[in-house]
Amino acid sequence: MSKRSESELNDIKEKLDEIQNDMKAFIEDSNREHLETILAFVRNDYSNALEKHLSNDIKEGLAKNMVEKCERLEVCRPYFTGMLQKNAALIKQDSVDSETIDSNRAEIKHMREILPYKKCDICLAETGDLFEKQVNLMKSMRIYEVNKDKKQYISQLPTEDVVDDMLESLCHAKRFEILKAISGQTMSFSALSKLTDLRGGNLLFHLQKLTDSGMILQQHERGDYMITSKGFKVMEGIGDIYSSLAPGEN
């Protein structure tokens, strides 16, 4: 076979490979679109069934647990039913935001402020329980995430800035000890030296790290060291996080 014929054969082979890859991609895309269409129908039917279940749950729960002998029953029951059905309808959405849930929850809380009787607490408690059952179902379906906005915010944090301005200052036990000590009082170089058991240049190195990051400042040349507003907020935040993660608190 001549070199020209061999070259032409290779070209034809490459073209056939390209056509085959294009056909494969087309089939995969078509299958994906078909699958997504099926899933959309299933999701719609599933959400309709869930909404119907929640509507029945509302009707049965309020009928069973609201105070029967109350002059406001015929007014409150339709109102509570409407509130809960409005929230239940969210189950059909692909995503539910925190503002909507918080607003609906606040509406129930507001009713306690305007209803006249002590026995109203019984009906409100049942309404609140039914509401939270709906919210928990949304969470299990992954359409409502309390921390969704926070996750997005965290994902946008500038890594280098956070590490340089905050985390690097806290990653050493001696620097953390200094921040703890001066969170409530100013301290001199010699007092910090005694506290940390660091001398001269070693202590100065850590103090400079904290100063450069804006966590502490020196009142004047050779003066006492004090924590800054930034440093205090960071330590306060760490205290809150540590308390929330302490054994028995989770």
Problem set entry | Phi to ³J(HN,Hα) by Karplus 6.51 cos²θ - 1.76 cosθ + 1.60 over the stretch 110-118, Hz, x for Gly, Pro | 5, 4, 4, 6, 10, 6, x, 9, 5
For this session: Please order Ser169, Ser183 by the number of other Cβ within 10 Å, starting at the fewest.
Result: Ser183, Ser169
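Of the listed pairs Lys109/Lys139; Lys69/Lys119; Lys109/Lys133, which have alpha-carbon separations greater than 18 Å here?
The pairs that break the limit, which is 18 Å between Cα atoms, are Lys109/Lys139.
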For this session: Just give me a number: lysine pairs in the stretch 158-245, eight or more positions apart or cross-chain, with C-alpha atoms less than 17 Å apart.
Result: 7
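Laboratory data are not the source of any read-out in this text; all were calculated from the coordinates shown. Keep in mind the model is a prediction, meaning the values are calculated, not measured. All Cβ positions, glycine included, derive from the backbone under ideal geometry; neighbour counts span all protein chains shown.
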